[in-house]
1. For the subset of segment 505-526 comprising residues that are assigned to a helix (DSSP H, G or I) and under 21 Å from M302 (Cα atoms), which member is nearest to the ligand (Cβ to nearest atom)?
2. Can you pull out the residues in segment 597-609 that are modelled with pLDDT of 95 or more and β-branched (V, I, T)?
3. Take the residues of segment 113-152 that are out of contact with any helix residue (DSSP H, G or I) (no Cβ under 7 Å at 6 or more places or on another chain) and among the hydrophobic types (A, V, I, L, M, F, W, C): which is farthest from I72 (Cα to Cα)?
4. Could you please find all residues in segment 583-603 being under 25 Å from the mean Cα position of the chain (by Cα) and not in a helix (DSSP H, G or I)?
5. Give segment 659-690 a look and list any residue that's closer than 25 Å to T148 by Cα and either in contact with a Cys (Cβ under 6 Å, 6 or more places away or on another chain) or surrounded by fewer than 21 Cβ atoms within 10 Å (Cβ to Cβ) (or both), or say none.
6. Failed condition for D477, given (1) more than 16 Å from the ligand (Cβ to nearest atom); (2) without any contact (Cβ under 8 Å) to a residue 24 or more places away in the chain, with all others met?
7. Can you tell me which residue is surrounded by the fewest Cβ atoms within 10 Å (Cβ to Cβ) among those in segment 452-468 that are farther than 17 Å from N375 by Cβ and away from the ligand (no atom under 16 Å from the Cβ)?
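The values are calculated or read from the model by the stated rules, or taken from the named source; none is laboratory data. The shown structure was predicted, so the numbers you read here are calculated from the model rather than taken from an experiment. Every residue, glycine as well, gets a Cβ built from its backbone with ideal geometry; the counts of neighbours run over all protein chains shown.
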Amino acid sequence: MISAALTLACTAALAQNPLLQRTYGTPYDIPPFEKLTVEDYREGMLKGMEQHDAEIQAIIDCKDEPTFENVIAALDRSGELLDRASIWSTLNSSNSTPELQAFAREMSPLLSAHSSAISMNKALFDKIKYVYDRRNESGLDEEQIRRTERTYRSYVNGGALLGEAQKKRLAEINLELSGLQLQFRQNLLHDTNNSYVIVRSLKEMEGLPQANIDRAAALAERIGEKGAWAFNMQRSSCNPVLQYCRNRDLRRRVYLMYNDRCNHGDEYDNKDISRQIVALRLEKARLLGYKNFAELQLADRMASDAASVYGLLDQIWEPAVAKAKEELADIKAMMKKDRVRGEPMPWDYMYYLDKARKAKFDIDEDLISEYLEINNVQKGIFYVANRLHGLSFIERTPDYPVYEPTARSWDVIDAQGNVIAIYYNDYFPREGKGAGAWNTTFRSQKYEGPRRVQPIVVNVCSMTPATDDKPALQNTDNVTTMFHEFGHAMHSFLRNVRYSGGVERDFVELPSQINEHWAFEPQVLKVYARHYQTGEVIPQELIDRIEASGKYGQGFATVEYLAASYVDMDLHVLETVPGDLDVMKFQAEKLAARGIPSQILPRYSVTNFSHSMGGGYSAGYYSYIWAEVLDCDAFQAFVETGDIFNPEVARRFRECILVPGGIRPGAQMYRDFRGRDPQVDGLLINRGLK
Ligand SMILES: [Zn+2]
């Protein structure tokens, strides 16, 4: 009796977990975020892994001759519940809580073991190989062949061809790596949100806009320093200090704290964690038959080897350093005028470049930002999407579920009137949100039978929020970021493929970065850049000055970026990793050898270089500039016609680049669009380096 009652109770509990229902019963089956608890996630993940294992077993047990359909496509469809339950991991970046973080630590080893077991399953791999070996003779189409090849390669790179002892070691490495990378990111989140520079007198913040001072006061109060002002290491908090504060010592304190995150020898230090990550990645690459980790990573990239990555970085490095030296001369002159003694230091350049830019181009950022109210910018973004791709947007806030009350939702509708995606934006900083901005999905586009399932896409940013007396006015960098993330979002909206598999890592920034090109085009600014009080359209002469000033400071910005890209590559082409490798020393030595100006540090130091050490962009940070070569060259295709909205070029861009997802190699998609390979000149001109 008792056990029957218990079973009944358990069934009731199960029935309440929305993750385990066939549908959520919400519009477009959007996850009911506010109803989901960590308990639900745990149950969903455990059941999801169990179900995934059973689905894999069914593929293996199938008695029919292995085919694309009963092996590759079946594998592609498997793990649906696990996917569904995994939205917590997306939320852990944008809306983290100590409870979710603990849950992430709990799940990390289980997931790692789960995916290792599948990727090393011999019986499964034998079937994949059977289909792979016959892929060109079995009547498969282009997408199916590519899916088969990528599946095969990912299993080979997952260890499928290894002997038992090696497989065991690889599983251990993967487990350790996922734990270390998670630890790295959590330490970074800690230092970003919990390292403070406290200021006790208003005078010390001379030059800082009032809105930033107000936010610093609010932050101070929140951390028990009422009456003082506090800055944490979120870019939105500390960057304005570096840019606007006259007080050199305050800039120094903030700069060093930001640059030195996770390099304090305390429990959140990432130096040794980074060394272990690099060593394990190398060991993994060696096990799999690669010379180094970069070679393994580049196997599925547009830049197929390290030499082509270095080749590109080197082409840009010289002109960038030369430009930075010119800018440095301006900085020195301004420091002299300010009677500041000594050489410029890394915490001087944002401040003085900003001043120099304003002096040269007579730019008043505050005045410009009065034309860049966030809702107006959003209208401009939608306008560009409409002109280029015929998309329109119907707002659904507050009807659709949200995980955060300030997030907003829209239906994305194509030219034929179909809802092709759901779009969310979550634009404002808060505790528990990681630094930076990103695009992600709660559900990727997929097919269920003949039906295309709409993706649920979200842009997460930390934009300047409204204050008591002003709406959310943005600077030009923030506007660029919004266009950027929305470019990723459009890539997600328009994708229309039958099987999973994204584009290559160094291709993925093309759709986002090209979208930035429209942000400050006069035709576009006229649509959205209206004064928040008067509604007046931004004056043409202000537009001209924004345009001219945009290239200023690109020497520093490019060197800072390239420096981080080099370090990321340098660490991952190592063929031995000494047990006492000090990653910070390594970074300094490598950059000094390349002749980096002493006033510039890499955009991220290794200990806070989440792209490289945390996962996603390892041996891949170069991707941004690789893609920039593509986006500058691709934007020229519009410019060359004399119409930045040329419908024919837009159609080609959509059909060759955005819609096909990863069904073709990036190099081929680019050639389909442009009729030739990309050229680097557009980038050099665009950055004012040539
Ligand atoms: Zn991006």
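1. Taking segment 505-526 first, the residues assigned to a helix (DSSP H, G or I) are 510-516, 522-526.
Retained after the next criterion (residues that are under 21 Å from M302 (Cα atoms)): 510-515.
Details: L510: 10, P511: 9, S512: 4, Q513: 7, I514: 11, N515: 10 Å.
This residue is S512.
2. Of everything in segment 597-609, those that are modelled with pLDDT of 95 or more and β-branched (V, I, T) turn out to be V606, T607.
3. Here the answer is A117.
4. Within segment 583-603, I600, L601, P602, R603 qualify.
5. Looking only at segment 659-690, we keep the residues that are closer than 25 Å to T148 by Cα, and these are 659-673.
Those that are closer than 25 Å to T148 by Cα and either in contact with a Cys (Cβ under 6 Å, 6 or more places away or on another chain) or surrounded by fewer than 21 Cβ atoms within 10 Å (Cβ to Cβ) (or both): V659, R664, P665, A667, Q668, M669, R671, D672, F673.
6. Condition (1) is where D477 drops out.
7. D468
Residue-by-condition table, conditions (1) under 30 Å from V659 (Cβ atoms); (2) out of contact with any Gly (no Cβ under 8 Å at 6 or more places or on another chain); (3) of a type in the set (V, I, T):
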position: S78; (1), (2), (3): yes, yes, no
position: T97; (1), (2), (3): no, no, yes
position: A102; (1), (2), (3): no, yes, no
position: S119; (1), (2), (3): yes, no, no
position: F125; (1), (2), (3): no, yes, no
position: R135; (1), (2), (3): yes, yes, no
position: R146; (1), (2), (3): yes, no, no
position: Y152; (1), (2), (3): yes, yes, no
